[in-house]
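The values are calculated or read from the model by the stated rules, or taken from the named source; none is laboratory data. For clarity, every value in this text was computed on a predicted model and none was experimentally measured. Note that we place each Cβ from the backbone using ideal geometry, even for glycine, and neighbour counts take in every protein chain shown. Keep in mind that these areas ignore ligands, DNA and RNA; they rest on the heavy atoms of the full protein, side chains included. Shrake-Rupley method; radii C 1.70, N 1.55, O 1.52, S 1.80 Å.
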Amino acid sequence: MKFEFAGTKWFLLLVAFIVPLILLLVSIFTGTGICSVVFFIVWIGAIFLIFYLPRFSENEE
């Protein structure tokens, strides 16, 4: 099996944003419980928070 795709930025975009958005829409339209909807909203919010945080290297002063 080829796993080169798992290391690309497109895979990160897929896992971080597209999958939770699709799951959120499916859970809203199928009428699942509020816990799953809140879980996907928190997942998306956490990803936005992680990408928003600045990245520092140890060499910067």
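General remarks:
- Scanning region 19-53 for residues that are open to solvent by less than 70 Å² (accessible area, probe 1.4 Å) and within 10 Å of the chain's Cα centre (by Cα) yields Val19, Pro20, Phe40, Ile44, Gly45, Ala46, Ile47.
- Of all residue pairs spaced 6 or more apart or on separate chains, those with beta-carbon atoms under 8 Å, a first member in region 10-28 that is within 16 Å of Phe48 (Cα to Cα) and a second member that is of a type in the set (A, V, I, L, M) and open to solvent by 70 Å² or more (accessible area, probe 1.4 Å) are Leu24/Ile41.
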